[in-house]
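This is the structure, below, for whatever I ask next.
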Amino acid sequence: MKVIYLGKEVELEDGIIGFNAVKALDPERRKEALAFKVGERIYDMNQIVPEGELSFVFPSDKEGFEMMNHSCSHLMAQAIHHLYPKAQFGFGPAIEEGFYYDVDFGEEKITDADFPAIEAEMRKLSKEAIPYKRKELSIEEALEVFKDNPYKTEHVPELEAPISMYEQGDFIDLCRGPHVPNTSYLKHFKLLSLAGAYWRGDSKNKQLTRIYATCYPTEEALKEHLEVLEKRKANDHRRLGKELELFMLSDYGPGLPFFLPKGMIIKNELMAYWREVHIPEGYKEIETPTMLSRELWETSGHWEHYKDNMYTTKVDEKDFAIKPMNCPGALLTYKNSLHSYKDLPLRLGEFGHVHRHEASGALNGLFRVRGFTQDDAHILITHDQIEDEVKRIMSIFDRMYSVFGLSYYIVLSTRPDDYIGEKEFWDRSEKILAEACEHSGHEYRINEGDGAFYGPKLDFKLRDTMGRTWQCGTIQLDVNLPHRFGAYYIDEKGEKAEPVMLHRVVFGSVERFIGILIENYGGAFPTWLAPVQVRLLPVSPEAHGEYGKEVYDILMKEGIRVELDDANEKLGYRLRNAVVSKIPYSLVLGEKEKETRSVTYRIYGQKDQITVPLDEFIALIKKAIKEKARF
């Protein structure tokens, strides 16, 4: 049998399994291989190798990390099965940084105090090197195996036969696989947290206990990840938002954040930066009503597909809804006047405040809310303008994300099963979006079948300093909504033609983006974004307070956000307060500074104290603000 390995044709024995293939082709790493891959399919190491392009999956690979965590979820379930024999298991998938398992413990309640016992049992099972064995059964056989588990018996009939499951010792579970060869490959794991989770995410169903955990190839990698998790806890935007007086939450409005004066400065600065970038790019800012009639939402399709997530009311016996999205209002704005092909692209931007119902259990600070501001833009274009406009948008994304030090990758989501429109349009649109990425030097990944029902999209996945991925920017292509609203322009032939609409956001939810920035910076914002950019600290409020007030007035006139701390406290105490408040610049004003009209400044996070003339400091900080410098 011939396979392609590392670009070369290699002869292997017919019927050879993965273990023997890696022994023949990569003997030095034979003990590391978790699985093998032929084409796009991954196989267990004890399966027969088919013809094709062969490679091996190792713990350092993305697929290897996912496999280890998937297998570790089964290991954890087996340990729980031993310690809590009556426990029933729901789903236990691998996720980006680990895995979870949803478990019904019945009358028993567990807490994180029970984690050490579960981990100890997992370590015991790991040392036993129990193999993961794949089995394939009919639906009837699977129902018999899981007859005592209501969650599995509900799920089994939804699957296509043969149904695969994996057995390790006395534990068996439904699973597509693949898995690591045996439990000894799983040594470095940690149970992390508990949460409640309704079966299948439906609040009408029973709430199960979700256990989050993670597994890494080495002790060092696990330790590093746990340190990152501790940093995330320290940087929790809900805690920092309260400590730094940025925003508040109230039971009078669940999921509806209140921005305090300092938080409002950040929000306004972000919106000002958006305008600074977009207005020169030809965007025209609009504002559309917060509440619009049912007829509009029926025209757009939201009333039929999204009504359960909308807040509705009656006005003069007529149904109205608070807008969950800005696009219908943008189309009404477009239709307000007649457009020629010469007017396109027409770029309409809006900081629209939208409301969407979220389950109370899903609300999470600024990350998951019911009311938020979108930096929306809707661009009306002709079909032949799509690629150029998408490339133009991506250049804006590059510029803006780089200011925050956020890297990203792009995902192209393609035609879903419930798509509308012609298949040819979808094929052409997906090709255009892919070429826009390629021609502008952007790599992308494909997410098959995850496009919106009305068109394909590019999603921009941001990565922060703690390794987390956030969905923020998006570019969605849409011909459905312009058609539903009867939008048109006059083409070169003097005839009516329907435009294409691009939906796009950079920040997404401005509130959520602020939450991301709080955690990304640990509350220590770059100078241009910081609510307070300078804190003045007279050495002696009596002797140097007047000079402090003079410097305060000068900085205020220069547009610098400044506070004067002339409290009757020791300088060291006030300096520590400035550090705790994460002020970018702390200025000490003593006798020497007063006599020479200078300041001694220290930048947050640095130990050096630098004395410069006041005018020089003003020039320095204004440059940092103008250039949106990070330090």
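The values are calculated or read from the model by the stated rules, or taken from the named source; none is laboratory data. The model shown is predicted, which means the values in this text are computed figures rather than measured ones. FYI the Cβ positions are ideal-geometry reconstructions off the backbone, even for glycines, and counts take in every protein chain you see. Just so you know, the surface numbers come from the protein's heavy atoms only, side chains and all, with ligands and any DNA or RNA stripped out. Shrake-Rupley method; radii C 1.70, N 1.55, O 1.52, S 1.80 Å.
Please report how far the C-alpha centroid of region 98-142 lies from that of region 273-301, rounded to the nearest whole angstrom.
Here the two parts' Cα centres lie 50 Å apart.
Please give, to one decimal in nm, the separation of the simple spin-label points placed at Val579 and Ala619, each 7 Å out from Cα toward the Cβ.
Calculated label separation equals 3.1 nm.
Out of every Cα-Cα pair in region 522-631, what percent are more than 25 Å apart?
It works out to 12 percent of all Cα pairs.
For n ≥ 4 DSSP H runs only, could you compute -39500 (n - 2.57) per run for the chain, divide by its residues and tell me the 222 nm figure to the nearest 500?
When only DSSP H runs of four or more count, the value is -10500 deg cm²/dmol.
Computed from the coordinates I sent, semi-axes √(5λ) of the Cα gyration tensor in Å equals one of (i) 42, 38, 24; (ii) 48, 37, 26; (iii) 55, 33, 22. Tell me the label.
(ii)
Of all beta bridges DSSP finds with both residues in the chain, what is the antiparallel percent, to the nearest 5?
85 percent
Then there is this: Please label the shape of region 20-127 as rounded, prolate or oblate, based on the square roots a ≥ b ≥ c of the eigenvalues of the alpha-carbon gyration tensor (a/c under 1.5 means rounded; beyond that, a/b larger than b/c means prolate, else oblate).
Prolate, because a/c is 1.5 or more and a/b exceeds b/c.
A further question follows. Set the Förster radius R0 to 60 Å, insert the Cβ-Cβ distance between Glu358 and Val612 as r into 1/(1 + (r/R0)^6), and round the FRET efficiency to 0.05.
0.75
Okay, moving on. What's the tally of Lys pairs in region 307-449 whose alpha-carbon atoms lie under 24 angstrom apart, where the two lysines are 8 or more places apart or on different chains?
Step by step, the pairs that qualify in region 307-449 add up to 9.
Still on this structure, I have one more. Quantify, in whole percent, the carbon and sulfur part of the accessible surface of the chain (1.4 Å probe; protein heavy atoms only).
For the chain, the apolar C and S fraction of the accessible surface comes to 49 percent.
Further, regarding this structure: Kirkwood Rh over Cα pairs of region 190-341 into Stokes-Einstein at 4 °C, 1.567 mPa s: D in µm²/s?
After rounding, the answer is 62 µm²/s.
What distance in nm separates the simple spin-label points at Glu13 and Arg597, each placed 7 Å from Cα in the Cβ direction?
9.1 nm
Sticking with this one: Relative to the first principal axis of the alpha-carbon coordinates of the chain, what is the inclination of helix 571-580, with its axis defined by its Cα atoms, in degrees from 0 to 90 and to the nearest 10?
The answer is roughly 50 degrees.
Quick one: angle between helix 423-439 and the longest Cα principal axis of the chain, in degrees between 0 and 90, rounded to 10, please.
With both axes taken from Cα atoms, the answer is about 60 degrees.
Can you work out ³J(HN,Hα) from phi for every residue in region 324-333, in order, using Karplus 6.51 cos²θ - 1.76 cosθ + 1.60 and θ = phi - 60°, giving whole Hz and x for Gly and Pro?
After applying 6.51 cos²θ - 1.76 cosθ + 1.60, I find x, 8, 9, 4, x, x, 5, 5, 4, 5 Hz.
Still on this structure, I have one more. Kindly list the residues of region 523-538 that lie in the label zone of Met466, defined by a backbone N under 11 Å from the point 7 Å along the Cα-to-C-beta vector.
What the label zone holds, given the 11 Å backbone N cut-off, is 523.
In nanometres, what is the gap between the two model label sites at Met1 and Asn568, each 7 Å from Cα along Cα-to-Cβ?
8.8 nm
For region 25-71, what is the accessible area per residue in Å² when the probe is 1.4 Å?
About 52 Å² of surface per residue is accessible.
Using θ = phi - 60° and the Karplus relation 6.51 cos²θ - 1.76 cosθ + 1.60, list the HN-Hα couplings for region 218-229 in order, rounded to whole Hz, with x at every Gly or Pro.
Coupling constants for region 218-229: 10, 5, 5, 5, 5, 4, 4, 5, 5, 5, 5, 4 Hz.
While we're looking at this one, here's another question. Can you grab the distance from the C-alpha centre of region 46-73 to the C-alpha centre of region 221-236, Å, no decimals?
If we compute the Cα centre of each part, the gap is 27 Å.
Something else: Compute the separation of the alpha-carbon centres of region 547-608 and region 317-379 and state it in Å as a whole number.
Taking the Cα centre of region 317-379 as reference, the centre of region 547-608 is 43 Å away.
While we're looking at this one, here's another question. Just the number, please: Stokes-Einstein D of region 352-483 in µm²/s, Kirkwood Rh from C-alpha pairs, 10 °C, 1.306 mPa s.
98 µm²/s
Bin width 5 Å, alpha-carbon pairs only: give the P(r) of region 113-201 as whole percents, running from 0 to the bin holding the largest distance.
Calculated P(r), rounded to whole percents: 3, 12, 18, 18, 17, 19, 11, 2, 0.
To test your reading of the geometry: what angle, between 0 and 90 degrees and rounded to tens, separates the Cα axis of helix 115-127 from the longest principal axis of the chain?
Tilt relative to the chain: about 40 degrees.
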